[in-house]
Amino acid sequence: MHPLHRAWRALPVAPRRAAFARLTAALAPAADADPLPPAPGLAVAGELDRASGLGEGARLMLAALAKLGVPHWPIQPGTAPAPPPAGVPLVLHVNPPMLPAALLRLPRAAVRGRRRIGYWAWELPVVPPLWRSGARFVHEAWVPSRFTAAALEPLLPGRIRVVPHPVAAAPPVPSALGRADFGLPEQALIVLCAFSLASSFARKNPLGAIAAFRAAFGPRPDRLLVLKLGNPGHDPAALARLRAAVADAPNIRLE
């Protein structure tokens, strides 16, 4: 790892994210004041191969467009696909703090001159202040629920639309794997808490899950809490807090 990169990663997560969002917002192209008239179809951009809620939302949208026969163009930031035709709207499955960085990684022809739509998701009634800087990069935003719409309305007054995820486009397929494949006891009641350290630690609140589980079940061997952790190297301090909270509990597993 380059020394500058190492020094950057050594900064606390929250200030690092804020600095990155402000820097990219100063460099990224704002939404065109007068985009071209919309052409048929949709371009869908985002982390299309990422195991995340936003990534799955983008994949579901593409699957639904394909089933409906709507022209569509998947775009992965950092790649150079052929741009969609002029005027095709661009839907960005990237939340506001990271949206400027994603725009900087998209081909100019995929960004300029077309209507931009952010597809955003948030789980609390008030969005963080850092989200406000992302509003100028889109013409409107789509959200999966009325709750999220109410939270985001102050960012884009009158320009928030509720567009639920098309979950029927890709029905879930039950796994053939059983508990034994994961080393889990057959008879225990198992509680799963899945989260990523690259997301907001306080918002995901795994410490609350641990405290609630301990209060409800104590050390009972027929009760098991599984903490499924993503991106463990992203926030070493948070990982240390998790391990301290788990301590030597015999019925809590950190995966």
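The values are calculated or read from the model by the stated rules, or taken from the named source; none is laboratory data. Since the structure is predicted, the reported quantities are computational estimates derived from the model, not experimental observations. Cβ: placed from backbone, ideal geometry, glycine included. Neighbour counts: every protein chain shown. Keep in mind that these areas ignore ligands, DNA and RNA; they rest on the heavy atoms of the full protein, side chains included. Shrake-Rupley method; radii C 1.70, N 1.55, O 1.52, S 1.80 Å.
Taking the listed residues A110, A202, the one that is out of contact with any helix residue (DSSP H, G or I) (no Cβ under 7 Å at 6 or more places or on another chain), hydrophobic (A, V, I, L, M, F, W, C) and open to solvent by 50 Å² or more (accessible area, probe 1.4 Å) is A202, with no other qualifying. Cβ-Cβ contacts under 7 Å between residues 6 or more apart (or on different chains), taken from a first residue in region 139-165 that is within 19 Å of L99 (Cα to Cα) to a second residue that is of a type in the set (G, A, S) and in a loop (DSSP other than H, G, I, E, B), are listed as H139/A31; V143/A121; P144/A121; T148/A121. Before we move on, is L224 open to solvent by less than 30 Å² (accessible area, probe 1.4 Å) and over 18 Å from A51 (Cα atoms)? Yes; evaluated as a whole, the condition is true for this residue.
Looking only at region 49-62, which residues are open to solvent by 30 Å² or more (accessible area, probe 1.4 Å) and either assigned to a helix (DSSP H, G or I) or among the hydrophobic types (A, V, I, L, M, F, W, C) (or both)?
Hits for region 49-62 are A51, G53, L54, E56, R59.
Restricting attention to region 36-55, the residues that are among the charged types (D, E, K, R) and in contact with a strand residue (DSSP E or B) (Cβ under 9 Å, 6 or more places away or on another chain) total 1.
Taking region 113-134, which residues are at pLDDT 90 or above, in contact with a strand residue (DSSP E or B) (Cβ under 8 Å, 6 or more places away or on another chain) and open to solvent by less than 20 Å² (accessible area, probe 1.4 Å)? Of everything in region 113-134, those that are at pLDDT 90 or above, in contact with a strand residue (DSSP E or B) (Cβ under 8 Å, 6 or more places away or on another chain) and open to solvent by less than 20 Å² (accessible area, probe 1.4 Å) turn out to be R114, R116, I117, G118, Y119, W120.
Residues in region 46-70 that are touching a helix residue (DSSP H, G or I) at 6+ places or on another chain (Cβ under 7 Å), within 21 Å of S196 (Cβ to Cβ) and of a type in the set (A, V, I, L, M, F, W, C): L48, L60. Residues that are within 27 Å of A198 (Cβ to Cβ) and open to solvent by less than 30 Å² (accessible area, probe 1.4 Å) within region 26-45 comprise A28, P29, A31, A43, V44, A45, listed in sequence order.
Going residue by residue through region 217-238, is there one that turns out to be in contact with a helix residue (DSSP H, G or I) (Cβ under 6 Å, 6 or more places away or on another chain) and over 30 Å from R59 (Cβ atoms)? Yes; the residues of region 217-238 include at least one that is in contact with a helix residue (DSSP H, G or I) (Cβ under 6 Å, 6 or more places away or on another chain) and over 30 Å from R59 (Cβ atoms).
Residues in region 117-132 that are in a strand (DSSP E or B) and not aromatic (F, W, Y) were compared, and the one that is farthest from the chain's Cα centre (by Cα) is I117. Of all residues in region 67-88, exactly one satisfies the criterion of being in a helix (DSSP H, G or I) and touching a residue at least 40 places away in the same chain (Cβ under 8 Å), namely K67. Taken over region 136-152, the residue count meeting the criterion of being open to solvent by 10 Å² or more (accessible area, probe 1.4 Å) and of a type in the set (A, V, I, L, M) is 2. Looking across region 239-251, just one residue is of a type in the set (K, R) and either out of contact with any helix residue (DSSP H, G or I) (no Cβ under 9 Å at 6 or more places or on another chain) or more than 13 Å from P206 (Cβ to Cβ) (or both), and that is R243. Number of residues in region 86-107 that are open to solvent by less than 10 Å² (accessible area, probe 1.4 Å) and either under 19 Å from V162 (Cα atoms) or of a type in the set (K, R) (or both): the value is 5.
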